[in-house]
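Participant: Here it is: the structure, laid out below.
The values are calculated or read from the model by the stated rules, or taken from the named source; none is laboratory data. In this text, all values refer to a predicted model and were calculated from it rather than measured experimentally. Positions of Cβ are generated from backbone atoms using ideal geometry, with glycine treated the same way; all protein chains shown enter the neighbour counts. Just the protein is used for accessible areas: all its heavy atoms, side chains included, with ligands, DNA and RNA removed. Shrake-Rupley method; radii C 1.70, N 1.55, O 1.52, S 1.80 Å.
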Amino acid sequence: MRTGRPKTTLKLNEDEERELTSLAHRSRSAPALGRRARIVLACAGGSDNKTVARQLHVTPGTVGKWRNRFLQDRLEGLYDEPRPGAPRTITDDQVEKVVVRTLESTPRGATHWSTREMAKATGHSHMTISRIWQAFGLQPHRSESFKLSPDPLLVPKVRDIVGLYMNPPEHAVVLCVDEKSQIQALDRTAPLLPMRPGQAERRTHDYKRHGTTSLFAALDVKSGKVLGQTHHRHRSIEFRKFLDRIAASVPPDQQVHIIMDNYGTHKTPLIRSWFAKRPRFHVHFTPTYGSWLNLVERWFAELTMKQIRRGAHRSVSELERAIFELLDAHHADPKPFVWTKSAEEILASIARFGQRTADTQAAQLMSRTNVTGH
């Protein structure tokens, strides 16, 4: 008596077995493709469809489908076939007109296009406009700010500071120093409503001010540790006190390289005199409008995100306790910020951006000249 159709023998060569094993266990493989590879490997082991289905928790029909697809087309048969879909209803010329109009014009009474405004102007649906913008990476609703440094010593300063990050000197400490001034102790006008399942934490949009404090911080580039000190003001007197603390915390036989910005309190006669009396301290100033070169700014972003932005503080002392609580947590497991971009890559990027800016200004000037007829 027949018990069913005999299973088709499935044999693999070495290359196929290697590729199927890779697909079955590689984390980047699509889940469906990995499951198909496991089905074929199990079938090649001599098991019938029902046994393989039971092992892999699929139906026998699924096992039979991919066994047959592999027998017919080998590895190519495991991949999904391209689906034709509906024919296009918009031509390349129409797509080009939408892209050009998005880039070179604005709607009447507005600064940028929306999908519905563009749809109304071109006669297409707003979903068609959305797909065109997505395909060409156009986002008219977004805007970013920039500031090019006018510092005449931009190039040597970038090379100097990036060199300290990527090739720090031996037997020396590199510290990124700055202050986060006027941190406000804010308390909400109503208690915070804590997070619950299905509901985010809620707070009032308005707040009560309870004073401010300033945080002086020095980030050790090598270890990632941060030395912090708070003051109610941020004059050169307070900055000198912080420098005294830095000097006390660094062994006297080590050279100290300090990276800081061009803030006025960093260049007063009091501070210049302090550095002149301590030749082991070497100062490296960031370029004008170049605070992004100072790694301590990255740690300040952590402070804002983790403690200040969503915190509620009823007094300055409570705010300062929260800041030092974050410092203690950071020191329990410090991790340095790793600088990866070389000075030449940064300068090349600035040069390209500056050239684009100059070209845009020239085009705008020519456009205005043509309009006015001068």
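Participant: Using a Förster radius of 30 Å, what is the FRET efficiency between THR268 and GLN184 based on their Cβ-Cβ separation? Nearest 0.05, please.
Facilitator: Numbers: r = 26 Å, r/R0 = 0.86.
That gives a FRET efficiency of 0.70.
Participant: Between 0 and 90 degrees, rounded to the nearest ten: what's the tilt of helix 14-25 against the longest Cα principal axis of the chain?
Facilitator: Taking Cα atoms only, the helix is inclined about 50 degrees.
Participant: When all protein chains stay in place, what accessible area (Å², nearest 10, 1.4 Å probe) is found for ASP220?
Facilitator: Near enough 40 Å² of accessible area.
Participant: Something else: Which values of log₁₀ I(q)/I(0), to two decimal places, follow from the Debye formula for the chain at q = 0.07, 0.11, 0.13 Å⁻¹ with a uniform point scatterer at every Cα?
Facilitator: Taking Cα atoms of the chain as identical point scatterers yields -0.67, -1.02, -1.08.
Participant: Put THR59, THR213 in order of accessible area, largest first, 1.4 Å probe: what do you get?
Facilitator: On the way: THR59 80, THR213 0 Å².
Largest to smallest exposure gives the sequence THR59, THR213.
Participant: Continuing with the same structure: For ASP206, tell me the accessible area in Å² from a 1.4 Å probe, rounded to the nearest 10.
Facilitator: Solvent-accessible area, nearest 10 Å²: 60 Å².
Participant: Further question on the same structure: About the Cα centre, and with charges only on the beta carbon of Lys, Arg (+1) and Asp, Glu (-1), how big is the dipole of the chain? Nearest 20 debye, please. Could you put the intermediate results ahead of the total?
Facilitator: Numbers: 58 positive and 39 negative charges, 251 e Å.
Dipole of the chain, to the nearest 20 debye: 1200 debye.
Participant: Of ASN49, ASN262, ASN167, which is the most mobile in a GNM of the chain whose springs link Cα atoms less than 10 angstrom apart?
Facilitator: Maximum fluctuation in the GNM of the chain, among the listed residues, is at ASN49.
Participant: Work out the FRET efficiency for ALA248 and HIS331 from their Cβ-Cβ distance, taking R0 = 25 Å, and round it to the nearest 0.05.
Facilitator: Once rounded, the FRET efficiency stands at 0.90.
Participant: Here's something else I'd like to know. Determine ³J(HN,Hα), in whole Hz, for all residues of segment 106-117 in sequence, where each value follows from phi through the Karplus function 6.51 cos²θ - 1.76 cosθ + 1.60 and θ = phi - 60°; x replaces Gly and Pro.
Facilitator: 10, x, 5, x, 8, 8, 7, 7, 10, 4, 6, 5
Participant: Which percent, to the nearest 5, of DSSP beta bridges fully inside the chain are antiparallel?
Facilitator: On the way: 19 of 29 bridges.
Approximately 65 percent, going by the DSSP bridge assignments.
Participant: Same structure, new question: Can you put LEU243, LEU12 in order of accessible area, largest first, using a 1.4 Å probe?
Facilitator: LEU12, LEU243
Participant: Residues with amide H under 5 Å of GLY211's amide H, sequence separation 5 or more or different chain, H placed in the peptide plane at 1.01 Å from N; which?
Facilitator: Placed amide hydrogens put ALA185 under 5 Å from GLY211.
Participant: Any idea what Rg and Dmax come out to for segment 110-198 if you just take the C-alpha atoms, in Å?
Facilitator: Gyration radius and largest Cα-Cα distance of segment 110-198: 24.7, 69 Å.
Participant: Next question. So, with a 1.4 angstrom probe, what is the percent of accessible area on the chain that is carbon and sulfur?
Facilitator: Working: 12760 of 24470 Å².
Of all accessible area on the chain, carbon and sulfur atoms account for 52 percent.
Participant: 7 Å from Cα along Cα→Cβ at both VAL99 and ASP359: what's the point-to-point distance in nm?
Facilitator: 1.6 nm
Participant: Excluding ASP151 itself, what net charge comes from residues whose Cβ is under 15 Å from its Cβ, given Lys and Arg +1 and Asp and Glu -1?
Facilitator: Charge balance near ASP151 sits at +2.
Participant: May I pose another question? Just the number please: accessible area per residue for segment 236-297, 1.4 Å probe, all protein chains included, in Å².
Facilitator: Ligands and nucleic acids excluded, the figure is 48 Å² per residue.
Participant: List the pair-distance distribution P(r) of segment 60-148, using every Cα-Cα distance, as the percent of pairs falling in each 10 Å bin from 0 up to the bin containing the longest distance, rounded to whole percents.
Facilitator: Using 10 Å bins, I get a P(r) of 13, 32, 16, 14, 16, 8, 1 for segment 60-148.
Participant: Ok, one more. Given a 1.4 Å probe and the protein chains all in place, what does the accessible area of GLU201 round to, in Å² to the nearest 10?
Facilitator: About 70 Å², ignoring ligands and nucleic acids.
Participant: Ranked by accessible surface with a 1.4 Å probe, highest first, in what order do MET195, MET118, MET305 come?
Facilitator: Largest accessible area first, the residues go MET195, MET305, MET118.
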